[in-house]
């Protein structure tokens, strides 16, 4: 793929049916649970992307065998056969490279504590800036020996493992829900029961509920209060192997729903419903507030574009779609304010600062705050969008290019992280 890609304006409202590839979040959670299970699991519809390859490679280095069967490269999907290890980590040592995959780094750090040996986890320079101290502290409260190699609370991480004893741990919830998800998935394989207490507000709660649902599918029930402040796991409890179907990625679907919104078109996403495991299906509720028509059926969710108005919205629960909504806001009547998403400053890039910079290039008036931003549409103009090696910057701003002439996406290849075929699928959707 070239260094930059010009997005072609849509010459008419988009009318399309699309099925994005499998959910990255579900794929990586299912891989962990299947890896720890008591037999061989089959994961269908698994996402094939950089992030999931990082997870598969990391599990492989930990001694867990995973086979690929029936790959569909064009669709970005795969069928994975995971040979579970009954809660054990076979490798005695490993040096794991996680690139910029937060789920891989956080989940495998927790997983490594179940082993017996020395493990090191590292990533790209940006990963070395992303906090992990809260996870390490919680694991150490449970009897593990895990540390930040440089002492700064960020990767590289070193784990000197001799099994996870269990007990009680407290973890802050306001930095990343991935810390809690990693702890939850490792906890059933601890030597004694585990209790996890959340200090402060828990960000991205739907992702924690997703974790609990995937664990339940593999036979492990977690006792949790309704507000997700306290979790109890009756460890040791075995995961059970199974056939598990992974639904399409709702975060990826947001770009196509947004395309309907900004072009006044009609897009139906297949394979998702109101009962999805993924909280990001609630993105369509934001579009409905902005004036779009939303239809939910048994296995599809459709958005019909209508005249857009600005809204004031708390996006803490669906923060992976903040960039998508920010781009839609460019075409609304009035200002849009996005609140309570301070934690996205710790993602692949500082997403609040990056959004403010790139939206201003296109002509918007943007007020940046610690926990969000306010976007006032202006006279729109083309520009080259810097993506900061953040897949969601590339995909969200591509939607603006359907309405703004001369918009180019730099480093379009960064979409390999979660959606390698994104630009092909976007072009196909505009040509229906």
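The values are calculated or read from the model by the stated rules, or taken from the named source; none is laboratory data. Bear in mind the structure is a predicted one, so any value in this text is a computation, not a measurement. Note that each Cβ is placed from the backbone with ideal geometry, even for glycine, and that neighbours are counted across all protein chains shown.
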- Note on the structure: Only unsatisfied item for residue 166, checking (1) out of contact with any helix residue (DSSP H, G or I) (no Cβ under 8 Å at 6 or more places or on another chain); (2) crowded, with 17+ Cβ neighbours inside 10 Å; (3) on the phi > 0 side of the Ramachandran plot, is (1)
- Task: Answer yes if at least one residue in the stretch 292-307 is touching a strand residue (DSSP E or B) at 6+ places or on another chain (Cβ under 7 Å), more than 24 Å from residue 15 (Cα to Cα) and part of a loop (DSSP other than H, G, I, E, B), and no otherwise.
- Result: no
- Note on the structure: Sole miss for residue 267 among (1) assigned to a strand (DSSP E or B); (2) within 30 Å of residue 377 (Cβ to Cβ); (3) outside the structural domain of residue 318 (by TED's automatic domain parsing) is condition (3)
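From the list 380, 359, 402, 355, pick out the single residue that is crowded, with 19+ Cβ neighbours inside 10 Å, closer than 30 Å to residue 12 by Cβ and out of contact with any helix residue (DSSP H, G or I) (no Cβ under 6 Å at 6 or more places or on another chain). Write out each step before concluding.
Details: 380 fails: crowded, with 19+ Cβ neighbours inside 10 Å; 402 fails: out of contact with any helix residue (DSSP H, G or I) (no Cβ under 6 Å at 6 or more places or on another chain); 355 fails: out of contact with any helix residue (DSSP H, G or I) (no Cβ under 6 Å at 6 or more places or on another chain).
Testing whether each residue is crowded, with 19+ Cβ neighbours inside 10 Å, closer than 30 Å to residue 12 by Cβ and out of contact with any helix residue (DSSP H, G or I) (no Cβ under 6 Å at 6 or more places or on another chain) leaves just 359.
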- Message: Checking the structure you have, find out if any residue of the stretch 201-210 is within 22 Å of the chain's Cα centre (by Cα) and either closer than 27 Å to residue 162 by Cβ or not assigned by TED's automatic domain parsing to the domain that holds residue 34 (or both).
- Response: no
- Query: Any residue at all in the stretch 126-147 that is assigned to a strand (DSSP E or B), modelled with pLDDT of 95 or more and over 20 Å from the mean Cα position of the chain (by Cα)?
  - Reply: yes
- Go through the stretch 222-240 and give me each residue that's over 13 Å from residue 194 (Cβ atoms) and out of contact with any helix residue (DSSP H, G or I) (no Cβ under 7 Å at 6 or more places or on another chain). 225, 226, 227, 229, 238, 240
- Query: Which helices (runs of 4 or more DSSP H) sit wholly inside the stretch 1-112 and have at least 3 residues that are over 22 Å from residue 393 (Cα atoms), out of contact with any strand residue (DSSP E or B) (no Cβ under 9 Å at 6 or more places or on another chain) and not assigned by TED's automatic domain parsing to the domain that holds residue 171?
  - Reply: none
- Message: Given the criteria in contact (Cβ under 8 Å) with a residue 12 or more places away in the chain, assigned by TED's automatic domain parsing to the domain that holds residue 82 and closer than 23 Å to residue 396 by Cβ, does residue 193 qualify?
- Response: no
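Select the strands (runs of 3 or more DSSP E) contained entirely in the stretch 311-400, then report the ones holding at least 3 residues which are at pLDDT 95 or above and in the same structural domain as residue 209 (by TED's automatic domain parsing).
Details: elements: 312-314, 336-339, 365-369, 372-376.
Here the list is empty.
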- Task: For the stretch 148-175, name all the residues that are within 29 Å of residue 316 (Cα to Cα) and either in a strand (DSSP E or B) or outside the structural domain of residue 98 (by TED's automatic domain parsing) (or both).
- Result: 148, 157, 168, 169, 170, 171, 172
